[in-house]
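A short worksheet on the structure shown next.
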Amino acid sequence: MTDNINSAYGWAKERYAILGVDTDKALDELNSIPVSINCWQGDDVAGFEGLTEGVSDGGILSTGSYPGRAANGDELRQDIDMALKLIPGAHKLNLHAMYAETDGAKVDRDELQLCHFSRWIEYAKSRGIGLDFNPTFFSHEKSKSGFTLASEDKEIRRFWIEHGKRSREIAAGMGEELKRVCVNNIWIPDGSKDMTLNRYKHRMILKDSLDEIFAQKIDSEYLVDAVECKLFGIGSESYVTGSHEFYLSYVMGKDISLCLDMGHFHPTESIADKISSVLTFKNDLLLHVSRPVRWDSDHVVSFNDDLQAVALEVKRAGAMHRTYFAVDFFDGSINRISAWVIGVRNTIKALLFALLEPAALISEAERSQDLGTRLALFEEAKTLPFAAVWDKYCLDKKVPIGADWIEETKAYETNVLRKRDR
Ligand SMILES: [Mn+2]
């Protein structure tokens, strides 16, 4: 098997070299791009607050009831370990505030501190991975009205502003501990199921709330602030306060990054078309790699045209190292480790696919107005022996080749997941 992979790679290397692509270099670069893995795929976005009575209303809309959902930090870390064994490269783990571990004490979200994430920090250190963070503005008594930072209720707003401030401090603390950038991404669910008279009013309130959260200067080279828009949600079909236009306008001229989630736009709208525009005005970009399917924005990532287009746009803009890639999906209807492995491996595959584009030749054709050759090269690139390069990467990174990982998740399901009583 190893011999076959190496000889297939040797042949692929030649094929790519004919079109001016250095596959060794592409693999080196791929190895330097981390993907932030969402912890919330492992427990259907439930979080741990249910362990502490009276805080959570039990998670957002993940569908499916596949057995073996992780129910606490130890189980979730055990499952993430399994997924990491099957994913090539060194990555990051993306946490939500609702994954705080408070040892049974009731610590509400406006009281959270870095110490409530010490086990996650220890875990990240021991595995040599980075951490990213997200305040959790949903699944809470105080989010039930449908409004948090954009609420007209001063008390509600105060609570969520405090949560936002503490999340930035926690993220900065994680970054300092790990000596690695920690991206703190704000997404809020605020919006309305039906028509709203006061769209402007809520947006003005949201702007003020964000201003308050970001007013605190945090002296850390490791904190990156980001804000994430959405077009609609379940229960907010008619109006979402934090729209694309709102956040795109908000971040301009500020040291705050924009997050584009692949599932947060109209079904025919691709974020690939937006990347070069945003990067013209912003130094960096956070991408939430996901897959929308009709009403859902969070299916497991597929290696499809949409995903390849996103990776290609980032690479063509020369922005692979100023883009933060984070996966954002949750599916409770299949083995949750498989979901992670499929989604993250596909994201890495798309990055590799983009790095292997014969860009120099295409660019040369474009410069000389040889547009037939440009189109021909775009099309030829699709059938180059990509799989041989991907297999070589998996071999070098000592993770299973091709579909071999499936058996490992099945064994883990039998030995671990099915023994959990849920
Ligand atoms: Mn997202």
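Quick check: anything in the range 297-309 within 14 Å of the ligand (Cβ to nearest atom), surrounded by fewer than 24 Cβ atoms within 10 Å (Cβ to Cβ), without any contact (Cβ under 8 Å) to a residue 60 or more places away in the chain and over 23 Å from ASP404 (Cβ atoms)? Taking every residue of the range 297-309 in turn, at least one turns out to be within 14 Å of the ligand (Cβ to nearest atom), surrounded by fewer than 24 Cβ atoms within 10 Å (Cβ to Cβ), without any contact (Cβ under 8 Å) to a residue 60 or more places away in the chain and over 23 Å from ASP404 (Cβ atoms).
Restricting to the range 11-65, name every residue that is among the hydroxyl-bearing types (Ser, Thr, Tyr) and either at pLDDT 95 or above or assigned to a helix (DSSP H, G or I) (or both). Passing the criteria: TYR16, THR23, SER32, SER36. Filtering PHE265, PHE246 for residues that are within 16 Å of the ligand (Cβ to nearest atom), hydrophobic (A, V, I, L, M, F, W, C) and farther than 22 Å from VAL314 by Cβ leaves a single hit, PHE246.
Residue count for the range 370-391 under the criterion of being within 25 Å of the chain's Cα centre (by Cα) and crowded, with 20+ Cβ neighbours inside 10 Å: the result is 3.
Remark: pairs (first residue in the range 319-331, among the acidic types (Asp, Glu); second residue at pLDDT 95 or above and more than 16 Å from the ligand (Cβ to nearest atom); Cβ separation under 9 Å; 6+ apart in sequence or on different chains) = ASP331/TYR66. Taking (1) over 15 Å from ASP261 (Cα atoms); (2) away from the ligand (no atom under 16 Å from the Cβ) in turn, ASP331 satisfies each apart from (2).
Pick from the range 166-187 the residues that are crowded, with 21+ Cβ neighbours inside 10 Å and under 16 Å from the mean Cα position of the chain (by Cα): which of them is nearest to the ligand (Cβ to nearest atom)? Checking each candidate, the answer is TRP187.
The requirement of being within 15 Å of TYR239 (Cα to Cα), of a type in the set (Ser, Thr, Tyr) and more than 22 Å from the chain's Cα centre (by Cα) is fulfilled somewhere in the range 198-215, by at least one residue.
Residues in the range 152-187 that are hydrophobic (A, V, I, L, M, F, W, C), assigned to a helix (DSSP H, G or I) and touching a residue at least 60 places away in the same chain (Cβ under 8 Å): ILE170, MET174. Here are some conditions: (1) among the hydroxyl-bearing types (Ser, Thr, Tyr); (2) assigned to a helix (DSSP H, G or I); (3) surrounded by fewer than 19 Cβ atoms within 10 Å (Cβ to Cβ). SER220 meets all but one. Which one does it not meet? Exception for SER220: condition (2).
Note on the range 188-216: residues that are in a helix (DSSP H, G or I), touching a residue at least 12 places away in the same chain (Cβ under 8 Å) and either within 16 Å of the ligand (Cβ to nearest atom) or of a type in the set (Asp, Glu) (or both) total 1. Number of residues in the range 265-319 that are within 27 Å of ASP255 (Cβ to Cβ), of a type in the set (S, T, N, Q) and assigned to a helix (DSSP H, G or I): the value is 3.
The values are calculated or read from the model by the stated rules, or taken from the named source; none is laboratory data. All values derive from a computational prediction rather than experimental measurement. As a convention, Cβ positions derive from the backbone with ideal geometry for all residues, glycine included, and neighbour counts pool all protein chains shown.
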